1. Only one of A:Ile231, A:Ile192, A:Ile215 is over 16 Å from A:Phe104 (Cβ atoms), in a helix (DSSP H, G or I), hydrophobic (A, V, I, L, M, F, W, C) and modelled with pLDDT under 95. Can you tell me which?
2. Read through the list (1) part of a helix (DSSP H, G or I); (2) without any contact (Cβ under 8 Å) to a residue 24 or more places away in the chain; (3) touching a Lys or Arg at 6+ places or on another chain (Cβ under 9 Å), then give the number of the only condition that B:Ser303 fails.
3. Within 14 Å of chain B (Cβ to nearest Cβ), acidic (Asp, Glu) and more than 27 Å from A:Asn61 (Cβ to Cβ), is that true of A:Glu129?
4. Determine whether B:Gly295 is in a helix (DSSP H, G or I) and either more than 30 Å from B:Lys395 (Cβ to Cβ) or β-branched (Val, Ile, Thr) (or both).
5. Picking from B:Thr278, B:Thr269, B:Thr210, which residue would you name as being more than 28 Å from B:Glu158 (Cβ to Cβ) and either in contact (Cβ under 8 Å) with a residue 24 or more places away in the chain or in a helix (DSSP H, G or I) (or both)?
6. When you scan the stretch B:185-192, do you find a residue that is polar (S, T, N, Q) and at pLDDT below 90, even just one?
7. Restricting attention to the stretch A:91-102, and to residues there that are facing chain B (nearest Cβ under 9 Å) and not aromatic (Phe, Trp, Tyr), which single residue is nearest to A:Ser163 (Cα to Cα)?
Amino acid sequence: MEIVQEVDNVRAVIRITDVKKTYVIGDQEIHALRGVNLMIEEGDFVAIMGPSGSGKSTMMNVIGCLDQPSSGAFYLDDYPVSEAEDEDLAKIRNQKIGFVFQSFNLLPRTPAVENVELPLLYAGVNAKERRKRAIDSLNSVGLGNRLYNKPNELSGGQQQRVSIARALVNHPVIILADEPTGALDTKTSQEIMGIFQRLNDEGKTVILVTHEPDIAEYAKRVIHFRDGQVIANDVIQERRIAKFEEVVV
Amino acid sequence: MNFLEAMRVSLRSVTANKLRSFLTMLGIIIGVSAVITMVAIGEGAKASVANQINGLGSNLLIVNSGQAKQGGNSLGAGSPLFTFEDTKALQQKDSIAGVTPTVSTRAQLVYQNDNYTSNLEGTTESFPEVRNASIQEGRFFTNFEVNELANVVVIGPEVVTNLFASSNESPVGKTIEINRIPFTVIGVLKSQGSSGMTNNDDRLIVPITTAMERLGQSSLRTIYVSAISPDEMLQAQFDIQQTLRAQHKLMPSQENDFTISSQSDILETAQNVTSVMTTLLSGIAAISLVVGGIGIMNIMLVSVTERTREIGIRKAIGAARGAILQQFLIESITLSLLGGLIGILLGVGAAWLVNKLGGVDIAITMTPMLYAFLSSLIVGVAFGVYPAKKAAEMKPIDALRYE
């Protein structure tokens, strides 16, 4: 079992101890996670890598509170997620996690600003405050002039920025990005990674799931998964820095 | 998420697919509007029957000679007629206000060059009181004129328009021929409208003695009796039965040789017909609402499947099970309520058209609308719960992965 390392006043936002996840498909048991120990500190920028079937997607679902571990303990921001009920999980996802997906996952036929408002809607924030915070959030990713465009009127990069704005709007503890550049070209990918780096510089904890090594290099640390276990957890020596250009439209 | 927000989200998806939403609602629209129209027409018929009957006097009893036997054919022919002794005996009873024996027939009228066939009634001076009739012009005949077999006649307003339309003069004082016998018009009745098959405005009233002796209507088969008040109807019926049985010297084992009927019997029959119709309509309404509800459920299930990804997104960013359930439930309720409302408007409109174009009496009441509204609400909930539950219980990871 890995040692919980408390480094000078730095708090662990994610503490995972001996987490296992077993699926049963037919009469076959699939061990997606075989006892994972992991700690992610506040303000860190972690890339989770691994080939398909390595358990990294399952790990992401567990960290994202979309799925519950079969056994083991998972604390998110000191909250015992592994013991939480379904309804609590919805609340945690709403308030502690900002999701960014590969396929953007914006609501179709819905203006950008309303997409960004959505987490606030479920948090019970009033309409006026929602609109204000959504606009602020879109401004922060350089989309202040695309507030009322619907997803099909935006480029892929712009859509991904809307989804980052949506992830940020409820001031989550972690940003969880699942292959955020998977559907984007190199230049746009760089822009998006630039946004993540800037958010991290501002103090946000970012967790990135990717299978592209050069995308992982924008992170500070990389965790490798194989066969449902962590096989490496290294600090990146030569980190790539993407310049985030203000208001790229 | 509060209710208003959920309402807005649901309305957006209802309006996003306008044609589909409309087609979904169509079942409910057609069902509700058909029922609203039919009920309006039915209630209208009921109200107009009730009005007419009340206009004729609600404490009126009609005594006919002969026993109307079910399945038999003893409808008066051959059974003993009434006599003036019978009417005098009835007159003695405390529960009875007025008695007027009546003979009736069709009669030919001639005035100058016009001729016309109308209903002739021979009766007594109590007619206005018993039959709730009043005089518009002139006077009614008196007891003296009845005793003297006077050739006087009181005519209904329709006879005036048919026979005296060309001259602007008052018909009172004129002489008309009834079956070639000259009669003096002494009065005109006020309009009473028609009740069922009988037109109360197209008639001639003459003294019963005159009708029996001079116009050949010697068989007295009908006596109209008015009770002193609507509350005394039962007592009056009982007294009539006792009196007539005594008069006709019937043995206890013998059945009545007369029949007593009241306006409320007729009203009751009319109401029975209406209530049968109402039951029938309710059945149709229930069937159409169920069919409409199945339509809504079908579309909601399709919609839930189509929007699996949307449900996944909403759940991933924090929508609790209740919020999703609420959203889809409100959507199905919106569809069914909107359908119900459109149905009500359409039904009222159709009833109004029937009234304006067809001249049919209608009565638009709140009750069927309220029922229609409530049942659409119930349909929306009942047929929306299953699809909404299906949506709410989706696992976010599966829903997000759905293509």
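1. Numbers: A:Ile231 fails: in a helix (DSSP H, G or I); A:Ile192 fails: over 16 Å from A:Phe104 (Cβ atoms).
The match here is A:Ile215.
2. In the conditions (1) part of a helix (DSSP H, G or I); (2) without any contact (Cβ under 8 Å) to a residue 24 or more places away in the chain; (3) touching a Lys or Arg at 6+ places or on another chain (Cβ under 9 Å), B:Ser303 misses (2) alone.
3. Values: within 14 Å of chain B (Cβ to nearest Cβ): yes; acidic (Asp, Glu): yes; more than 27 Å from A:Asn61 (Cβ to Cβ): yes.
Against the criterion (within 14 Å of chain B (Cβ to nearest Cβ), acidic (Asp, Glu) and more than 27 Å from A:Asn61 (Cβ to Cβ)), A:Glu129 qualifies.
4. It is false that B:Gly295 is in a helix (DSSP H, G or I) and either more than 30 Å from B:Lys395 (Cβ to Cβ) or β-branched (Val, Ile, Thr) (or both).
5. After applying the criteria, what remains is B:Thr278.
6. Yes.
7. Filtering the stretch A:91-102 for residues facing chain B (nearest Cβ under 9 Å) gives A:91-95, A:97-99, A:101.
Then keep just the ones that are not aromatic (Phe, Trp, Tyr); that gives A:91-95, A:97-98.
Numbers: A:Lys91: 19, A:Ile92: 18, A:Arg93: 15, A:Asn94: 14, A:Gln95: 16, A:Ile97: 13, A:Gly98: 9 Å.
Filtering the stretch A:91-102 for residues that are facing chain B (nearest Cβ under 9 Å) and not aromatic (Phe, Trp, Tyr), the one nearest to A:Ser163 (Cα to Cα) comes out as A:Gly98.
Per-residue answers, yes or no, for (1) surrounded by 14 or more Cβ atoms within 10 Å (Cβ to Cβ); (2) touching a helix residue (DSSP H, G or I) at 6+ places or on another chain (Cβ under 9 Å); (3) without any contact (Cβ under 8 Å) to a residue 24 or more places away in the chain:
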{"position": "B:Leu346", "(1), (2), (3)": "yes, yes, no"}
{"position": "B:Trp352", "(1), (2), (3)": "yes, yes, yes"}
{"position": "B:Ile362", "(1), (2), (3)": "yes, yes, no"}
{"position": "B:Met369", "(1), (2), (3)": "yes, yes, no"}
{"position": "B:Lys390", "(1), (2), (3)": "yes, yes, no"}
{"position": "B:Met394", "(1), (2), (3)": "yes, yes, no"}
{"position": "B:Arg401", "(1), (2), (3)": "no, yes, no"}
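The values are calculated or read from the model by the stated rules, or taken from the named source; none is laboratory data. These numbers were taken from a predicted model, which means no experiment stands behind them. Neighbour counts run over all protein chains shown; Cβ positions are idealised from the backbone, glycine included.
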